[in-house]
Amino acid sequence: MKTFKKTLLATSILGFASASLGAELSATAVHSAGITAATPSIQQVATLDKVTVAAPILHLGANYGAGDTIQITYSGADLDEDYSHPTAALTSGTTTGGTCTSANLSVSFAGLSGNVATYTVGASDGANTDCSIALPAVDVDGASLASADTFSIAVSTSRGYGALETIAATKLVDVAAAEITSKVTSKFDATIDVNDDRESFTTGTTDIATFTLADAAGGAALEATSVMTVSGDFSWAASTSTGGTVTYPQAVVTAAGGAGNLGAVTSSATSVSWIAKAADVFSLTLTPPTLTDVVTLPATAYSWSTDIKYNNGTDAAVITESASAASGAGAWDLNGASITALGISNSTSVTPMVWIQNSGTSNGAISGSVNCNGSTITIADLGTASAKSNTKVGEAIQAAVDAAGTCPTSNTRYDATVTVNGPAADITMNASYKVTAADGATDRVMLETSDSLPAASN
């Protein structure tokens, strides 16, 4: 399926007066009534072979005589490749509330060249100011209309080599944005409690994400077979029966509008997907098991994708549109110890020495961040604080600072915060830095940390 960019979302009411004598386009026999552009959804028109566009009524602003010409110029979307412009003479008539006194006007088709249709005025009684001419409907290519966003018509009339009247390009169609949309309404955001052996959340017993499938109405029609999928680590949610059947009872999908809007749910260790039978808000509720079924919960990111199935409302051809959001459904993280080393000198002669002590029995991933002159440098991975071990991270922190290039190396100090996914009671940190002089002599400076500073008094 082609991808189209919709840039014009508003519908305009357009009625352009002539720069000369007052010719106008209108949707009705009423002079100066203007035109309201049709606004079909992009999902409807993009899949149609052709879109028939109703033509407006041309209200004349001058008296026309035999031999005068009327040119109709179409712009925006392409005319359908099978379109054949009507060759019958155009019908003239009076204008409601206007000054037209006679509709005795013959307007014959003179040919279509590209996107320009030409008509020639035949017999006229010379009293046709403000009379109306009904222009013919045209067929526009659906894919071209979706791509162009608009379809417009302009009018110019002439007598001999002189212009009589002109009407600037006027929108007949202004394609609306997609009427059928899907999005992540709320994301997973639980924090896993490392002090409970990663078996529960720090707050609450469930984590819920919601996903919305909406139809704003615009010509297309949802099928009952759209698919929504959340991907990530669901191995923790599995339950195996005595017969060996694996199910995922800890991951439950519901529909706000009722079970009738929810089709089959398919779960695995890496994804949960479901059939969305109608527009609705769907929830995926994750509940860590308790009692004898406890598991270690993973720090993981969840992604979301959807395959929207709809028909264009005209020929019932089922079209599939895919929209995805990578890592767009939230994530689970771990609580842990967070300690800041204060005032590390940033200089080519300085080597920071920052060590993490883990007195506990479980390993913990280390991440960090640096604050330097108001800017933040995020360090996603500083290794692992192994159980019953000391882990050096100072040089890795300095390497990240050097790579970022945002912290000056002259008369500058930075604060480095280290976070360990492990029980806070098990994690400590000491910090210092080594200074190497030009002659090779070295010295060491001990640094304060957020752990070593005295607690604030009341």
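Condition check: out of contact with any helix residue (DSSP H, G or I) (no Cβ under 7 Å at 6 or more places or on another chain), assigned by TED's automatic domain parsing to the domain that holds ALA279, at positive phi and assigned to a loop (DSSP other than H, G, I, E, B). Does ALA217 satisfy that? Yes: the conditions hold for ALA217. Of the residues making up the range 269-286, those that are more than 24 Å from THR320 (Cα to Cα) and modelled with pLDDT of 95 or more are THR285, LEU286.
Does THR240 satisfy being surrounded by fewer than 17 Cβ atoms within 10 Å (Cβ to Cβ) and at pLDDT below 95?
Yes.
When the residues of the range 365-408 are filtered to those that are under 35 Å from the mean Cα position of the chain (by Cα), touching a residue at least 40 places away in the same chain (Cβ under 8 Å) and assigned to a strand (DSSP E or B), the one that is farthest from ALA337 (Cα to Cα) is CYS372. If you filter the range 178-205 down to residues that are modelled with pLDDT of 95 or more and of a type in the set (D, E, K, R), you find that the one that is farthest from the chain's Cα centre (by Cα) is ASP189.
Scanning the range 355-377 for residues that are over 26 Å from PRO298 (Cα atoms) and hydroxyl-bearing (Ser, Thr, Tyr), we see that the one that is modelled with the highest pLDDT is THR376. For the range 96-103, the condition holds for no residue, the condition being that it is part of a strand (DSSP E or B) and modelled with pLDDT of 85 or more.
Of the residues ALA441, ALA396, ALA425, which single one is aliphatic (A, V, I, L, M), in contact with a Ser or Thr (Cβ under 9 Å, 6 or more places away or on another chain) and outside the structural domain of ALA299 (by TED's automatic domain parsing)?
On the way: ALA441 fails: in contact with a Ser or Thr (Cβ under 9 Å, 6 or more places away or on another chain); ALA396 fails: in contact with a Ser or Thr (Cβ under 9 Å, 6 or more places away or on another chain).
The match here is ALA425.
Taking (1) surrounded by fewer than 17 Cβ atoms within 10 Å (Cβ to Cβ); (2) of a type outside the set (Asp, Glu); (3) touching a residue at least 40 places away in the same chain (Cβ under 8 Å) in turn, GLY111 satisfies each apart from (3).
Considering only residues that are in a loop (DSSP other than H, G, I, E, B) and modelled with pLDDT of 90 or more, look in the range 335-347 and name the one that is nearest to the chain's Cα centre (by Cα).
Step one: list which residues in the range 335-347 are in a loop (DSSP other than H, G, I, E, B), which gives 335-336, 346-347.
Those still in the list that are modelled with pLDDT of 90 or more too: 346-347.
Numbers: ASN346: 41, SER347: 44 Å.
Among them, the one singled out is ASN346.
If I ask for residues that are part of a strand (DSSP E or B) and buried (at least 17 other Cβ atoms within 10 Å of the Cβ), which ones from the range 119-152 would you list? Write out each step before concluding.
Here is the first cut: in the range 119-152, the residues part of a strand (DSSP E or B) are 119-124, 132-134, 138-141, 150-152.
TYR119, VAL121, SER124, SER132, ILE133, VAL138, ASP139, VAL140, ASP141, THR150, PHE151, SER152 - these are the residues of the range 119-152 that are part of a strand (DSSP E or B) and buried (at least 17 other Cβ atoms within 10 Å of the Cβ).
Where residues in the range 157-172 are assigned to a strand (DSSP E or B) and surrounded by fewer than 18 Cβ atoms within 10 Å (Cβ to Cβ), which of them is modelled with the lowest pLDDT?
Checking each candidate, the answer is GLY162.
The values are calculated or read from the model by the stated rules, or taken from the named source; none is laboratory data. Predicted model, so just to flag it, every value in this text is computed and none were measured. Here Cβ is always computed from backbone atoms with ideal geometry, including for glycine, and neighbour counts include all displayed protein chains.
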